[in-house]
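No value in this document is a laboratory result; all are computed from the given coordinates. Nothing here was measured: the structure is a model prediction, and the numbers come from that model. Positions of Cβ are backbone-derived with ideal geometry, glycine not excepted, and every protein chain shown enters the neighbour counts.
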Amino acid sequence: MGLEGLFVIEPDVSADGHGRYSYYYDERGFAAAGAASHYVQEHASFYPLRHTVRGLHFQKPPHAQTKVVRVARGRIHDVCVDVRIGSPTYGHHASVELAAGDWRQLHVPPGFAHGFCTLEPDCEVAFRLTDYNDRAHAGGLRWDDPALGIHWPCGDAPAFVFAADHGWPLLAGLDSPFAYQPDNKGSDQ
């Protein structure tokens, strides 16, 4: 995806005329891919409106978390922004489409702000986390900061943006709690 530590986990799918089968999580497979292998929480969120925007979120140390994102229903345009101070790609973003039918998952280590735009109504997005969600350590960036250069599928007119997501700072005003560490894939955070 062009940003160190950020990658898509491609499923190993078995299929025949009666259906398909795959593991969403396999500790050995995740470790072989360079993904975090220990998770403490999994949750899902549901969005009834097409072009709902969430993010861009992260969780600050000491409760920074790796998250693995997958879509259980619908499709999303997923975006991550590098917010690691000293990173050669600081402020750069990468995006990928995730869909329920492709079973792919996005591995997002600490040091990235994460968000998405739903591409269909009635989307359900699932998150696997290496640390518990903690509102006291929540952080983020404005989804519509022009300095980020993100081309959202909804343009600048989403159907819905949560009130909290309007309150995050622009990149220029972000006091990032993350420092760049080369070759750190967030393997156990």
- Just for the Cα atoms in the range 21-114, what are the lengths along the principal axes, largest first, rounded to whole Å? 40, 36, 22
- From the P(r) of the range 12-54, can you give the percent of Cα pairs sitting at distances over 17 Å? 61 percent
- Task: Would you mind working out the magnitude of the charge dipole of the range 1-117 relative to its Cα centre, with +1 at each Lys and Arg C-beta and -1 at each Asp and Glu C-beta, to the nearest 20 Debye?
- Result: 420 debye
- Kirkwood radius from Cα pairs of the chain plugged into Stokes-Einstein at 4 °C, 1.567 mPa s, gives D in µm²/s equal to 77 µm²/s
